[in-house]
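The values are calculated or read from the model by the stated rules, or taken from the named source; none is laboratory data. Everything numeric in this text was worked out from a predicted model, so none of it was measured. Note: ideal-geometry Cβ built from the backbone for every residue, glycine included; neighbour counts use all protein chains shown.
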Amino acid sequence: MTHHAGPCHTVVVTGTNSGIRRACAAFGARGDQLGLIAHGRVVLEGAVREAERAGAGQVISLKLEHSLGQ
């Protein structure tokens, strides 16, 4: 874990597009704790790795399942 000066925040990031990785890296670089929610497993796993590499304090992920019309 990387230690950062200043306050640590808890941030929840939702989405499945490629922008989720950039957001996770930015928040991770600040040492924030992240909660990530996405539909796509591959995108979600990539976002977790990106946040951890950037130095996030803690990363929790949730793969959202849904079905339409039921």
Report summary line: Reported set for region 1-32 where residues are at pLDDT 85 or above, more than 13 Å from R53 (Cα to Cα) and crowded, with 17+ Cβ neighbours inside 10 Å is V11
Query raised in the report: List, please: which pairs have Cβ atoms under 7 Å, are six or more places apart or on different chains, and start with a residue in region 40-54 that is more than 16 Å from A26 (Cα to Cα) and end with one that is among the hydroxyl-bearing types (S, T, Y)?
Result: G40/T16; V43/T16
Report task. Tell me which residues, restricted to region 45-62, are closer than 13 Å to V12 by Cα and either outside any loop (DSSP other than H, G, I, E, B) or modelled with pLDDT under 85 (or both). Result -> A47, V48, A51, Q58, V59, I60, S61, L62
Report summary line: Within region 18-44, of all residues that are assigned to a helix (DSSP H, G or I) and among the aliphatic types (A, V, I, L, M), the one nearest to C8 (Cα to Cα) is A29
